[in-house]
Amino acid sequence: MSPAKTDSWPVTIIAGAPGPEIRREIQTVIDAAEDADGNPPFSEQTLVELKSTQAGPHSVLTLLTYAPEDASPTVGEDLAGVAIVVLDGNEGVLELVVHPAYRNDGVGAILADKLVEVRGLQGIKAWSHGDHEAAADLAASYGYRAIRELWRMRLVRQAPQFTQPVEPVQADYPTPDGVSLRTFVPNQDEDAWLAANAAAFAHHPEQGSLTRSDLRARMDEDWFDPAGFFLAVNGADEILGFHWTKIHPARSGQAAMGEVYVVGVTPAAQGMGLGKTLTRAGIDYLHNAGLRAIMLYVDADNEAAVALYRKLGFAKWDSSVMYGPMSA
């Protein structure tokens, strides 16, 4: 790319949370990319950080590049690409999306170059959701290599004709003596669930560090429904495991889809079969809600989880790749 062309695509830098108008522009690019690729370009945590009231220069950095008027397929200047870095001290995670109308114009390199200029890449890892070839090439050009693979798996089967879920917790799910299933109760279970989640995902790079504000942000989303949030508890009502489900609404000709959002079992309850029981309960809940397709995310190297999901009928759908410096 020539310097003249780079200079003609201005980059706006926002330290902290962008305002509502900018977030709407970003969402337009996200929607266009997801319609084109079939995969959301940003992780949920990044979008949570983007609108958090606690966000600041310490936690999020946003770079936007706008297409010049003579490069725009419409009148005026369009938002052509977005890069967001979620920061945690000296480390951060970068995610980047280019509007489908402006791909193959070097927009990703414009944003990456500007990030190098204003912050540098020290401590930065990067996600490519959907594992695009262009993202792999861009990563390699900055000395990055694949360091983690996250699969998206999907179960497709004929759903019942009715659309109202049955009683979400059924008595015939096998549980050990003294263990029962119930659903999450807002304003009661938050702290206990956060503790169970931290224990279950103590070594997970994202899920285990979930905070109360992270949980509240998700509970405030339109999709949150405690009826699809299952808990396995003992006689003292202590949480031993959980399965939080999610329903993605229909969009752009794509039917609504369920998600095995997160399944966890505390270390003290390992080996009791609760993971499989909770997963089945959530799948049945989503299936009986009239959803034909159910998806989930799982690390490709988590052999036990992948094997369980395959037994339940899930198959690999696509994958996302995290890139890090080759020297790391």
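Looking across region 233-262, the residues that are more than 11 Å from Trp193 (Cα to Cα), small (Gly, Ala, Ser) and over 15 Å from the mean Cα position of the chain (by Cα) come down to Gly235, Ala236, Ala250, Ser252, Gly253, Ala255, Ala256. In region 185-198, the residues that are within 17 Å of Phe224 (Cβ to Cβ) reach residues that are part of a loop (DSSP other than H, G, I, E, B) and not hydrophobic (A, V, I, L, M, F, W, C) with C-beta atoms within less than 8 angstrom, at least six apart or across chains, in these pairs: Leu194/Thr211. Note on region 102-131: residues that are small (Gly, Ala, Ser) and in a loop (DSSP other than H, G, I, E, B) total 4. Residues that are crowded, with 16+ Cβ neighbours inside 10 Å and not in a helix (DSSP H, G or I) were ranked within region 132-150; the one that is farthest from the chain's Cα centre (by Cα) is Tyr142. Among the residues of region 174-191, those identified as buried (at least 17 other Cβ atoms within 10 Å of the Cβ) and closer than 15 Å to Ala269 by Cβ are Thr175, Val179, Leu181.
Every test in (1) closer than 25 Å to Leu296 by Cβ; (2) at pLDDT 90 or above is passed by Asn39 save one, and that test is (2). On inspection, Arg145 qualifies as assigned by TED's automatic domain parsing to the domain that holds Asn39 and within 30 Å of Ala304 (Cβ to Cβ).
The values are calculated or read from the model by the stated rules, or taken from the named source; none is laboratory data. Note that the structure is predicted; figures quoted are calculated from it, not measured. All Cβ positions, glycine included, derive from the backbone under ideal geometry; neighbour counts span all protein chains shown.
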